[in-house]
Amino acid sequence: MKKILKWLASALYGLVMIEVLIMISPFAFYWYSLYAPTLQRLHGSPATAWMEAFFLPHSVITTSPVLEFLRWQVGTYAFSIGVLAFILLGLQVYFTKYIRKRVAQSWVYSRIRHPFYLSLAVAAFGLLTMWPRIIILILFLGMMFIYYFLARFEENQMLAKFPEYADYRARTAMFLPGDPGGKLFRMVFGWIPNRRLALAASFAMVTVSLVGGGLLLRRVTIGHSATDLLPEDRVMAIAIWPMPERKIQQVVYIALQNDQVRERLARESDAVFTAHLLPEDYGMVSMFADVGTEHRMFTRVSPGRFKYLLSFVFPFFNRGLKNQIMGTPEENFRVVFSRVDEPGAKPMTLAQVTDLSAKMTPIVIADIKAGASGGDPRLERVVVPPRRSLWGDITMPMF
């Protein structure tokens, strides 16, 4: 039983981690060639397509200080603290077990019994805020419950081998000092006589609450993003950095005045579109469209690539990470027009663009440059990209 629980916990943790890590690793292109078919199958049905949606901002900067703090401070530092705690606690456990020949009960273990699992959960939470798909939220929740059952199983084994473990368990909390989770469980579900039934009820309630909270955060994210509806052109314009609607309209209309841009959009006569206004130095343009990035960059294990990866583990060493990823507010834009469809490539209306099942396909890109000496912006060039992101035909974040 313990082996089965450990396998399940490891599998779920791996699923929570894999998409985030492959996005920032030197081997992302090859990982996605294997991973993309799974995501494509999810989007093949309305029953599962919603799980690919994102519930926190990822591709945009919102006007909500709470959302931005959650993403750039809480999330990155939670991942960093979780990873470092995992390493330090692992060293303590193995030193105590193999050198001192006893059970670890000092340092953090003097207050809580399972800090090892807590550190993994904290790191996984950080990853969840970095790449917040709903399906990863569900997997994260499942992982938390498996950690609970695995911890209980291990404690029963310890009691069978070391009767004195009962005293240690009585004076320490399971995961958090003060055992707030246990107190809340007893307060809400203590009236249920069957413990298994009480645990099942708690799992159902937590699942509904977290997924519902995720959907609410998605609405908050959309509401605090810089958008503008252009119904006559079947376009929802979305700016990466907050800007006035007048500015958004000016940039998009410059692109729409180009004959090649209008001709490409006219070919999609049944579609509605998003128009993302990306800063010229936006670091995630390949998430929207394959713009000719050299694929061999993913075969080369360079120090610079791993330095970028390590900045997620040690964010305090890279204060400019936000601008490195999101670019900087400026007057030069890359406007990416994408058609938006439901599962099965079914067209949708402009009012449905932000639905959970919406999926973008890049159609045309217009580069807009600032005018000389403060003049009006001008269109510099038009690019027709492949109908996919760099990672393939998979759902990418709209916000």
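Quick note: the coordinates plus some simple rules give every number you see, no bench work behind them. Being a predicted model, the structure only gives us computed values, none of them experimental. Neighbour counts are summed over all protein chains in view; Cβ atoms, including those assigned to glycine, are modelled from backbone coordinates with ideal geometry.
The table that follows gives values for the structure above.
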read-out: Residue order, fewest to most beta carbons within 10 Å, for 143, 187; value: 187, 143
read-out: Fully extended contour minus Cα-Cα distance, from residue 36 to residue 387, at 0.36 nm per residue; value: 124.9 nm
read-out: Rounded FRET efficiency, nearest 0.05, which uses the C-beta distance separating residue 93 from residue 192 and R0 of 56 Å; value: 0.95
read-out: Cut-off under 5 Å, modelled amide H: who pairs with residue 60 long-range; value: none
read-out: Exposure proxy order (Cβ contacts within 10 Å, fewest to most) of 342, 52; value: 342, 52
read-out: Förster radius 25 Å - calculated FRET efficiency between residue 352 and residue 47, Cβ distance, rounded to 0.05; value: 0.90
read-out: Where labels lie 7 Å past Cα in the beta-carbon direction, separation of residue 380 and residue 77 in nm; value: 3.8 nm
read-out: Dipole of the range 149-276 [Lys/Arg +1, Asp/Glu -1 at C-beta], most positive-end residue of 193, 236, 226; value: 193
read-out: Sorted by Cβ neighbour density within 10 Å, fewest at the top, the residues 330, 154; value: 330, 154
